[in-house]
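Remarks on the structure that follows.
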Amino acid sequence: MTDVSLSVTHAGPLVTIQDSGRRGLARFGVPRSGPMDRNAFDIANLAIGNSSKATVIEVSAGGLTLDCKSGEASFAVYGGGFNVSVGSQKFSSCRVSRIEAGQKLVIQPGPSGNWTYLAFAGNIVAKQWLGSAATHSMSGFGGGSVHSGSTIEVRGADIRDSREGEIPLLVSERPPGEIDAVLGPQDRFFAEESIDNLKTGSFNLTNAFDRMGVRLSGPALIPSAKLDMPSEPIVRGSIQVAGDGVATVLLSDHQTAGGYPKIATVVSDDIDRLVQLRPQDKLAFNVITAEDALKRIRARHNVRVKYIEAVAKGHGSLPFRLLNENLISGVVGEP
Amino acid sequence: MAQPSFRAVGDHALLVEFGDKVSKETNQAVHRLDRGLAAHPFNGFIESVPAFVNILIDFDPLQTDHKSVEASVIELLTDSSNNETATTVREVLVCYESVENSDLEEVARLTGLSTEAVINAHLAGDYSVYMYGFAPGYAYMASVPEEIRLPRKKSAIRGIAAGSVLIAGPQCLVTTITMPTGWWIIGKSPTLILTGDDDDPFLFDVGDPVNFRRIGLDDYHTIKTGAQ
């Protein structure tokens, strides 16, 4: 075990320290925060042999460059399709590799995705707030943003040979822009035409996209009455519509309450897919009942559990080899 | 209180709504259910988020479903042992002098009162915390007395300091982080709502009554300096 010191020579906007987030504090105005893509975050941590709650760096499409000043450590990069280089080695996320003193680690946007997760074999030193290092972007509380000139320290770092190599991808067989959603809780405030627009319309993500939410463009979703709605709780995935008929999908650092009606809510595990769509990408909502949403997430969860168990056991283990040989499905289908 | 309505929120939450207008009675019904859930959480319960007229119940969709949660809530509501209120009166200090971006004079002009009368009206309000929302520690308090209720401004002012005491309509709020606001800025408070104590990080629980106590500028500075 050793300590690793990495100097940040480039960090794009929205590169932050995250862990699994703070749960149970929405009643005090504190959202869970944590990773934008929770699934990718879990896989990065488990592939390197960490707990699934460990602190990582969430890298945005702005990219990240680290110079390793001292020590050595294995690391995992998982999420989206990013281009990664360390020393003379080049690969795409998703992989476990290693870095040592004198080497540079460069993570840049690649063919797809907005968020990738950098997990080290060891503990990233990060400021905690309310028991979590997750950065709450509105306040800056928690581990905080990673920016040029800062230093990342990893304590108790080690090399985990047996884990190095490619991480098999967990992929969905559905088209990337198809997102499951459940109507409500305020669908009753919208005329039938707007509900039809939500169900059948084609939307695009816009550049108004940060850790709090992403604004969509597409057919108008006009609330049918002038609304004087008392502020009420919001969940990650709420599709909120302002008076101008523009929908915003609220994400990890969403405000915990608001007075705009929510026409629908994205099914929780599909948020991980939605956040990897890029601005201008197309998106269509597959509107299903709450009962069907439960059936779907339970079925997908069962596939994911098998995959995650294999990844967590690491290379060399039988489940991992089966996964690599496609004998355990990494494909999340429909029930 | 009539039976609430139940609305599914995605795959993992249920919104229980006791009305559509803000009133103390409706809000108390929300808080009663909130306490009931805390005392008797059902299998798969994650958290409850009380608001003005409704409460969001977040659950683990792998363990339970909307219908079962609804049944648990109905059971809790019929159990009258959840009716007791256990709240603590909290005090918030407020200084009305030398406030950056103060709207005190504008509030006085719009309400036809003197600034001193606006201050006295503010201090005389019968406040309690209805809900937290928007940002960490943003506790929405009601009720501001009728004579100083004003609709929020047409547009927001940016960069308003943490600790600002704001009013809009029947609501009052003490900010905890720097941010834009369209509410009327009437004072500043050295009382920390984000206490910095990890065991007890927020000054109020929802439902707590709140008294504002006026302090002068010297006291304000003394307390601010002492808190650092």
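The values are calculated or read from the model by the stated rules, or taken from the named source; none is laboratory data. All of these numbers come straight from a predicted model, not from anything done at the bench. Every residue, glycine among them, receives a Cβ derived from its backbone with ideal geometry; neighbour counts consider all protein chains shown.
When A:A293, A:A284, A:A264 are checked against the criterion of being under 30 Å from B:P170 (Cα atoms) and not in a loop (DSSP other than H, G, I, E, B), a single residue qualifies: A:A264.
Residues of segment B:205-228 that are small (G, A, S) and not in a helix (DSSP H, G or I): B:G207, B:G216. Step by step: first the residues of segment B:4-39, then only those that are of a type in the set (V, I, T) and part of a strand (DSSP E or B), then the one that is surrounded by the fewest Cβ atoms within 10 Å (Cβ to Cβ). Which residue is that? Only one residue fits best here, namely B:V9. You will find that of A:V106, A:V84, the residue that is at pLDDT 95 or above, in contact with a Lys or Arg (Cβ under 8 Å, 6 or more places away or on another chain) and among the hydrophobic types (A, V, I, L, M, F, W, C) is A:V84 and no other. Among residues of segment B:87-113 that are in a helix (DSSP H, G or I), those with a beta-carbon under 8 Å from a residue that is of a type in the set (G, A, S) and buried (at least 20 other Cβ atoms within 10 Å of the Cβ) at least six positions away or on a different chain give the pairs B:L104/B:G187.
In segment A:288-335, of all residues being in contact with a Leu (Cβ under 7 Å, 6 or more places away or on another chain) and modelled with pLDDT of 75 or more, the one that is nearest to A:V182 (Cα to Cα) corresponds to A:R298. Can you name the residue in segment B:149-175 that is at pLDDT below 95 and among the β-branched types (V, I, T) and is also surrounded by the most Cβ atoms within 10 Å (Cβ to Cβ) among such residues? Only one residue fits best here, namely B:I160. Of the listed requirements (1) within 19 Å of the chain's Cα centre (by Cα); (2) surrounded by 22 or more Cβ atoms within 10 Å (Cβ to Cβ), B:R213 misses just one: (2). Only a single criterion out of (1) of a type outside the set (S, T, Y); (2) at pLDDT below 95; (3) crowded, with 22+ Cβ neighbours inside 10 Å is not satisfied by A:V267, namely (2). Only a single item in (1) crowded, with 17+ Cβ neighbours inside 10 Å; (2) at the interface with another protein chain (Cβ under 8 Å from one of its Cβ atoms) is not met by A:E291, and it is number (1). So is A:S238 touching an Asp or Glu at 6+ places or on another chain (Cβ under 9 Å), among the hydroxyl-bearing types (S, T, Y) and without any contact (Cβ under 8 Å) to a residue 60 or more places away in the chain or not? So A:S238 does not fit the description; no. Exactly one residue out of B:N101, B:N43 is in the same structural domain as B:Q171 (by TED's automatic domain parsing) and surrounded by fewer than 20 Cβ atoms within 10 Å (Cβ to Cβ): that is B:N101.
A:L221 satisfies every condition listed in (1) within 23 Å of the chain's Cα centre (by Cα); (2) farther than 21 Å from A:G34 by Cα; (3) in a loop (DSSP other than H, G, I, E, B) except (1).
B:I185 satisfies every condition listed in (1) among the β-branched types (V, I, T); (2) surrounded by fewer than 21 Cβ atoms within 10 Å (Cβ to Cβ); (3) under 29 Å from B:T111 (Cβ atoms) except (2). Here A:A220, A:A257 are screened, and the one residue that is at pLDDT 90 or above and over 30 Å from B:V129 (Cβ atoms) is A:A220. Within segment B:1-15, the presence of at least one residue that is without any contact (Cβ under 8 Å) to a residue 60 or more places away in the chain, hydrophobic (A, V, I, L, M, F, W, C) and over 23 Å from A:Q255 (Cα atoms) is confirmed. Every listed requirement among (1) under 30 Å from A:L250 (Cα atoms); (2) modelled with pLDDT under 95 is met by A:D19 save one, (2).
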